[in-house]
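Just passing along the structure, written as C-alpha cells.
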Amino acid sequence: MHDEPEVAVLRLGHRPGRDDRMTTHVGLTARALGADRVIFPDNAGQSLETVADITDRFGGPFEVELTDSPKAIIRGWDGRVVHLTMYGERVQDVEDDVRAAHGDGESLLLVVGSEKVSFDVYEEADWNVGVTNQPHSEVAGLAVFLDRLFEGRELERDWDDADRRVIPMETGKRVESAGEGDASR
C-alpha cells in the first residue's frame, strides 16, 4: 500500500475522559487496516502516545500526530475528503468512486467524528459515507470503510521494523519477538 497515494485519518473532536479509549482505537484501527497516518486533536496526547508505542513495538510505517486546528486540515487537504457518518451515502454506493479517485493518485483524508459534527464538515467533504445508517461506533465505520477501500489487501500487509509479532493460532494467544521462530507463513 506504500506505493499508493496517502490515506490519512483525522479524528475530529476528542472529549478527554470520555473519548480516550475510542480515540486510541480510531488510531489503532487506522494503523492496522492500512492507513498511513492518523491526526488527533491536540488534547488527545495520551492516544498519540499509545498508538506511537504500538507502532514502535508491532511495526510500521505509520505516523501519529496532533493538530490544534482539525478543520484547517480538512480545508487545506490536497486530495479528497471522506467524512464517515451514519447520515451519509451508503458505502456500497460510493466505494467504487472513492477507490477510483485513490487509484488515480488522489490522497484521501478520512474524517471520523467524536461529538456532534458541524454542518461545514459535511459541506467540505467530497463524500459523506455511512457504512450503515444505524447508530454504530466510529471505529466500526472506519474499519469497514478501510476494508472496502483496500478490498482486503490490508490484511496481508507486511510490517517493517517490528519488535513483536502476533502468531496466528486456532486457540490461545502468542506474541513473540520478531526475531524468534519461523517468520514464514
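The values are calculated or read from the model by the stated rules, or taken from the named source; none is laboratory data. Since the model is a prediction, treat every value here as computed from it, not as a measurement. Cβ: placed from backbone, ideal geometry, glycine included. Neighbour counts: every protein chain shown.
Search the range 127-138 for residues being at pLDDT below 95 and crowded, with 17+ Cβ neighbours inside 10 Å, and hand back the single one that is farthest from residue 178 (Cα to Cα).
This residue is 130.
Does residue 142 count as modelled with pLDDT under 95 and assigned to a helix (DSSP H, G or I)?
No; evaluated as a whole, the condition is false for this residue.
Tell me, yes or no, whether the range 97-115 has at least one residue that is of a type in the set (D, E, K, R), out of contact with any helix residue (DSSP H, G or I) (no Cβ under 8 Å at 6 or more places or on another chain), at pLDDT 95 or above and part of a helix (DSSP H, G or I).
Taking every residue of the range 97-115 in turn, at least one turns out to be of a type in the set (D, E, K, R), out of contact with any helix residue (DSSP H, G or I) (no Cβ under 8 Å at 6 or more places or on another chain), at pLDDT 95 or above and part of a helix (DSSP H, G or I).
OK, next. Of the conditions (1) in a helix (DSSP H, G or I); (2) farther than 17 Å from residue 30 by Cβ, residue 158 clears all except one; give me its number.
(1)
For the range 15-58, name all the residues that are assigned to a loop (DSSP other than H, G, I, E, B), modelled with pLDDT of 95 or more and among the small types (Gly, Ala, Ser).
34, 35, 44, listed by residue number.
Across the range 73-94, what is the number of residues that are in contact with a Phe, Trp or Tyr (Cβ under 9 Å, 6 or more places away or on another chain) and surrounded by fewer than 18 Cβ atoms within 10 Å (Cβ to Cβ)?
Total meeting the criteria: 2.
Turning to a different aspect of this structure: Considering only the range 44-84, how many residues are more than 26 Å from residue 120 (Cα to Cα) and out of contact with any strand residue (DSSP E or B) (no Cβ under 8 Å at 6 or more places or on another chain)?
So the answer is 6.
I'm checking my understanding of the structure. Among residues of the range 124-165 that are more than 15 Å from the chain's Cα centre (by Cα) and free of Cβ contacts under 8 Å to residues at least 40 places away in the same chain, which one is farthest from residue 56 (Cα to Cα)?
Ranking the candidates gives 156 first.
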